[in-house]
Amino acid sequence: MPEKRIVLGNCGATDPNDIETYLGKGGFKGFIKARDRLKPGDIVDQVKKSGLSGRGGAGFPCGLKWELARNAKAKMKYLICNADEGEVGTFKDRYILSHDPFGLIEGICIAGLAIGARQAYIYLRAEYHFLNDPLCRAIAQVKEKGFLKHLDIQVFEGAGSYVCGEESALMDSIEGKRGEARYRPPYPQARGLWGQPTIINNVETLMNIPHIIANGAAWFSAMGTAKSKGTKVFSVSGDVSKPGVYELEMGSSLKELVMDLAGAVDIKAVQVGGRHGNIIPGHMIDIVLSYETCLGPGAVVVFNSKRDIIDIVHNNMHFLNDESCGKCTPCREGTEVMLEILGRLRGVEGAAGDIDALEDLAQTMALASLCGLGQEAAVPVLDSLKYFRAEYVNRIEQSLFLRSYLGEELSKSKEGER
Amino acid sequence: MGNVNVNIDGKKLRVREGVTILEAAEANGIKIPTLCHIKDQVPTGICRVCVVELERSRTLVGSCHTPVSEGMVIHTHSPKVTAVRRVIVELMLTAHTGDCVNDTNAENCVLHNLASDYEVGAPRFNVKVPRFYPAEDSNPYVRRNLSKCILCRKCVRVCASIPGKNILSVGYRGFRSKIVAGFDEALLSEKCRDCGKCIEHCPTGALSAPVKV
Ligand SMILES: Cc1cc2nc3c(=O)[nH]c(=O)nc-3n(C[C@H](O)[C@H](O)[C@H](O)COP(=O)(O)O)c2cc1C
Ligand code: SF4
């Protein structure tokens, strides 16, 4: 399947500094249709029927989320666009924000109509500070055109924490608190920002909305697989000759993406879904990309046969440990212990019980952590243990051998000294 | 609010809607261990010791903060729950560098008792650098030995609930989190007086009343 650019359709075709070019390409047609011809309930219905699910990682049905927020009774409702994009190996949101800010703003305008929000925030990753001014200028241009009478959009910059991309931590961050996850329920749709019903959607999710409203739900749901509709934007990096942002229809295979499009040749493993994403071994490259299999936020990192799996997993854990907010025990302590074990294995200092310890910890973290970071931190560890167990076993045997050998050498040299 | 039907450990119960699983269980004589929970205060779900198995849920759920709803089937001591609790206690013991063996107060330590209830011996895990802090004697009313702290944040919350206090907070991030006063300064007696609330709530020996000499 070739690339299918819908979300990215206007990237490069319009000038991100000039709304006229966007209008010339049919921009804001979806919004005008939603505003003049559809009731809020109809917009939600369209999104529900389209089968659009969240592109930020969790894949929660977008229409259902909107319906819950729409039906919640409150004086104030909020809409947040999650542009925190902290996941290692994702850069699709940056690409969208810098090339097609108007598409995103149109999506936000429609979402605001649908759920009845009067205040929207774009939560911008701290490292994307350079996008703050262009975004504000784009918002001002949209306002001038009179499309923002129902909604105020503010850009809110984060402070550089990965966990603040997690929806509840993100709200804490906007409220001015320490960015830490909250327990759920209550879900943000019922009680979110400042205790009011709140919708949080990823940049790419909102980018799909104008197309769904303009072209109809049936058009959208005709694309993709049984449970994953539409297209997905992938950020491909690692050992490939053409890294970059690619948009494919849901249900395309990983092989098409990394080999045909990105030009990978030698593939030992591919990590799909960022730092806590699945590790797919090279021989399973035909796997289909959809929410049913593996997807996450669409980060795809390719590793060639020169890479060491334990090194990769250690590097993952280093990141997650560093970014753990430290609120709940399993993740705060578990990532630290895993880092210690993986660090030893990497330095050929493994011990006999290491694999068991990793598996026990993985189960506890997955079952008992408070938020997605801790729950998914062990996914790459478990995947690598599943597909590359021999490397772990080898490394432990090497460690044991080395220790006994070095032990003998050491005692010999000590005898020599005496 | 009406009542809902739930099933906890095979007991069919009718409980008031809106109460938490923990409250429902306790009211019916089922004991669930807790560390960070403070009765009648807003829960935080930090320590994760109170997790229980909820049928049809992907993960275990914290019983101190999850409200009951109609038809819930809950297991508070299934093998899965026990295994997870054991690893959590083991993790708490790993990073904690207390000298509990010769601590005269060990039988009052909630963590110590939890570890013996769940038959957790010496932890098999290691960390590169355990959290170690010198004990602080700067305050005549509270002795702080943060090496024994398990970051349950009860002291932060009880202190914040006293009007005009709110002296403690959480500093740093992740594994290096620490309960701090101000910008990680000494706990001075101008601010912290002799209410002793934090000592009362501390589940380990991290906060204690100084021994008068
Ligand atoms: C640790 C962690 C980090 C996350 N980071 C992001 C992020 O950077 N951007 C994002 O859109 N969603 C992120 N999410 C997912 C959000 O919590 C949330 O599911 C998403 O924003 C919902 O939007 P969607 O339904 O449109 O996908 C993260 C989740 C976790 C657990
Ligand atoms: S799982 Fe990790 S990041 Fe999430 S709340 Fe717990 S400690 Fe914080």
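The values are calculated or read from the model by the stated rules, or taken from the named source; none is laboratory data. All values derive from a computational prediction rather than experimental measurement. In this analysis, Cβ positions are derived from the backbone assuming ideal geometry, glycine residues included, and neighbour counts consider all displayed protein chains. Heads up: the accessible areas ignore ligands, DNA and RNA and are worked out on the full protein's heavy atoms, side chains in. Shrake-Rupley method; radii C 1.70, N 1.55, O 1.52, S 1.80 Å.
Have a look at A:Gly296, A:Gly274, A:Gly282, A:Gly230 and point out the one that is away from ligand 2 (no atom under 16 Å from the Cβ), open to solvent by less than 40 Å² (accessible area, probe 1.4 Å) and at pLDDT below 90. Step through it out loud before you land on a result.
On the way: A:Gly274 fails: away from ligand 2 (no atom under 16 Å from the Cβ); A:Gly282 fails: at pLDDT below 90; A:Gly230 fails: at pLDDT below 90.
After applying the criteria, what remains is A:Gly296.
Just so you know, in the stretch A:151-177 the residues that are touching a residue at least 40 places away in the same chain (Cβ under 8 Å) and part of a loop (DSSP other than H, G, I, E, B) include one that is farthest from ligand 1 (Cβ to nearest atom), and it is A:Leu151.
Got a sec? Which of A:Glu175, A:Glu204, A:Glu157, A:Glu167 is open to solvent by less than 10 Å² (accessible area, probe 1.4 Å) and among the charged types (D, E, K, R)?
After applying the criteria, what remains is A:Glu204.
Condition first: more than 16 Å from ligand 1 (Cβ to nearest atom), touching a helix residue (DSSP H, G or I) at 6+ places or on another chain (Cβ under 6 Å) and at negative phi. Can you find one or more residues in the stretch A:404-414 that meet it? Scanning the stretch A:404-414 turns up no residue that is more than 16 Å from ligand 1 (Cβ to nearest atom), touching a helix residue (DSSP H, G or I) at 6+ places or on another chain (Cβ under 6 Å) and at negative phi. Using the structure shown, decide if B:Tyr172 is at pLDDT 90 or above, among the hydroxyl-bearing types (Ser, Thr, Tyr) and in contact with a Lys or Arg (Cβ under 7 Å, 6 or more places away or on another chain). Yes; evaluated as a whole, the condition is true for this residue. Residue-level check: of (1) more than 14 Å from chain B (Cβ to nearest Cβ); (2) within 16 Å of ligand 2 (Cβ to nearest atom), A:Glu180 misses just (1). For the stretch B:145-171, filtering for residues that are within 14 Å of another protein chain (Cβ to nearest Cβ), touching a residue at least 12 places away in the same chain (Cβ under 8 Å) and not in a helix (DSSP H, G or I) leaves 9.
Name every residue in the stretch A:143-177 that is within 16 Å of ligand 2 (Cβ to nearest atom) and among the β-branched types (Val, Ile, Thr), in order of residue number. Correct list: A:Val163 only. Output the residues belonging to the stretch B:139-155 that are of a type in the set (A, V, I, L, M, F, W, C) and surrounded by 20 or more Cβ atoms within 10 Å (Cβ to Cβ). Answer for the stretch B:139-155, where residues must be of a type in the set (A, V, I, L, M, F, W, C) and surrounded by 20 or more Cβ atoms within 10 Å (Cβ to Cβ): B:Val142, B:Cys149, B:Ile150, B:Leu151, B:Cys152, B:Cys155. Confirm whether A:Tyr392 is out of contact with any Phe, Trp or Tyr (no Cβ under 9 Å at 6 or more places or on another chain), open to solvent by less than 10 Å² (accessible area, probe 1.4 Å) and either more than 16 Å from ligand 1 (Cβ to nearest atom) or closer than 21 Å to B:Val81 by Cβ (or both). Yes: the conditions hold for A:Tyr392. Condition test on A:Ala366, is it without any contact (Cβ under 8 Å) to a residue 40 or more places away in the chain and not charged (D, E, K, R)? Yes. Within the stretch A:11-23, the residues that satisfy the criterion of being open to solvent by 30 Å² or more (accessible area, probe 1.4 Å) and part of a loop (DSSP other than H, G, I, E, B) are A:Gly12, A:Ala13, A:Asp15, A:Pro16, A:Asn17, A:Asp18. Just give me the residues in the stretch A:178-203 being near ligand 1 (Cβ under 9 Å from one of its atoms) and not in a loop (DSSP other than H, G, I, E, B), in sequence order. Of everything in the stretch A:178-203, those that are near ligand 1 (Cβ under 9 Å from one of its atoms) and not in a loop (DSSP other than H, G, I, E, B) turn out to be A:Ile199, A:Ile200, A:Asn201, A:Asn202, A:Val203. Scanning the stretch A:369-418 for residues that are under 21 Å from A:Gly59 (Cα atoms), in a helix (DSSP H, G or I) and either at pLDDT below 90 or not polar (S, T, N, Q) (or both) yields a total of 7. Taken over the stretch A:83-108, residues that are away from ligand 2 (no atom under 16 Å from the Cβ) and more than 14 Å from A:Asn10 (Cβ to Cβ) amount to 9.
Checking each residue in the stretch B:172-184 for being open to solvent by 20 Å² or more (accessible area, probe 1.4 Å) and either under 19 Å from B:Phe132 (Cβ atoms) or within 12 Å of chain A (Cβ to nearest Cβ) (or both) picks out B:Tyr172, B:Arg173, B:Arg176, B:Lys178, B:Asp184.
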